[in-house]
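To start, the structure itself, in structure tokens.
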Amino acid sequence: MKKFFLGTLGLVAMAAPAVAADLAVKAAPPPPPLPVFSWTGFYIGANIGGAWAHNNWTDTLFLTNFNNNNNGRFIGGGQIGGNYQIGNFVIGGEWDFDWAGNNNGGTGVVIPGVGTIVVTNNNRWITTVAARFGLAVDHWLFYGKAGGGWVGNNNLTVTNVTTGVSLTCGNFANCGNNTGGWLVGAGFEYAFTNNWTVKAEYDYLGLGNRTLLIPATAPLLAGDTFTSNNRNIQMVKVGVNYLFNWGAPVAARY
């Protein structure tokens with residue numbers, strides 16, 4: 001019995017250091033979760049791009065179509081808006097304003113016995129107000145837009161190129177200068193820091209018809225009425241925003 005007791009005691013003594021060593025090792029803590037970027041916050045920025053206008057005029061006196069598809073022109077301006085992110089879904093709103101480069105392009109139409117008639121106008125500025133809704137994939141945001149827009153027109157003019165006589169809106173003829181319509185668009189945005197983002201988007205602005213009334217006392221096309229149809233402006237923009245990010249990534253706390 002004595003030998004058995006001494007042998008057992010020896011085995012316990014030999015195993016004790018190994019057990020103590022095992023007890024001294026603690027499991028490593030789990031790695032902290034990676035910070036998640038959020039699009040929530042207000043932003044302000046600038047943009048540049050191009051715009052293409054489509055505008056046809058038809059008169060009631062000669063039943064003639066005067067095509068006024070303007071060539072592309074430069075646009076530039078700024079935007080301000082806000083985002084709110086829920087999971088991967090982002091909703092918000094945006095207002096933008098762009099100045100448009102001068103472009104009075106028009107196609108002349110020959111009317112027998114009258115001359116070559118050209119209808120021209122210039123879009124001075126374009127502004128839109130729209131809701132934005134999209135899907136966030138970390139630092140990427142893919143979005144759509146829907147809302148309304150307005151265009152500032154001036155120098156809407158009917159000219160007889162043959163005789164040199166012209167009628168300008170607000171002088172001999174009566175018409176409105178500012179017109180509005182509906183807007184749809186789509187784009188994507190990338191946050192290259194927690195606050196700075198770049199974006200690219202396409203917008204389609206469908207505009208209402210306009211009517212140009214020429215009085216009976218006018219020196220050109222007296223009593224005629226010009227009506228626009230299928231008016232729209234298509235825009236492609238690139239821009240940069242500064243995001244006042246309420247949900248910027250923060251280090252995990254323990």
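The values are calculated or read from the model by the stated rules, or taken from the named source; none is laboratory data. Not measured: the values here are computed from a predicted model. Every residue, glycine among them, receives a Cβ derived from its backbone with ideal geometry; neighbour counts consider all protein chains shown. Surface areas here come from the heavy atoms of the whole protein model, side chains and all, with no ligands, DNA or RNA. Shrake-Rupley method; radii C 1.70, N 1.55, O 1.52, S 1.80 Å.
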Exercise. Being open to solvent by less than 30 Å² (accessible area, probe 1.4 Å) and either farther than 30 Å from Val118 by Cβ or in contact with a Phe, Trp or Tyr (Cβ under 8 Å, 6 or more places away or on another chain) (or both) is the filter here, so list the residues in segment 52-72 that pass it.
Key: Asn56, Trp57, Asp59, Phe66, Asn68, Asn70
Practice problem: Could you check how many residues of segment 195-217 are in contact with a strand residue (DSSP E or B) (Cβ under 6 Å, 6 or more places away or on another chain) and either part of a loop (DSSP other than H, G, I, E, B) or on the phi > 0 side of the Ramachandran plot (or both)? | Solution: 5
Self-check item: Some residue of segment 134-146 being modelled with pLDDT under 90, open to solvent by less than 30 Å² (accessible area, probe 1.4 Å) and either part of a strand (DSSP E or B) or within 22 Å of Asp96 (Cβ to Cβ) (or both)
Solution: no
Quiz item: What about Arg73, is it charged (D, E, K, R) and over 26 Å from Arg210 (Cα atoms)?
Solution: no
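Condition check ((1) touching a Leu at 6+ places or on another chain (Cβ under 8 Å); (2) in a strand (DSSP E or B); (3) surrounded by fewer than 22 Cβ atoms within 10 Å (Cβ to Cβ); (4) at pLDDT 85 or above) across all residues:
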residue	(1), (2), (3), (4)
Tyr84	no, yes, yes, yes
Ile91	no, yes, yes, yes
Trp95	no, yes, yes, yes
Asn104	no, no, yes, no
Thr107	no, no, yes, no
Thr116	no, yes, yes, yes
Asn123	no, yes, no, no
Trp150	no, yes, yes, yes
Asn155	no, yes, yes, no
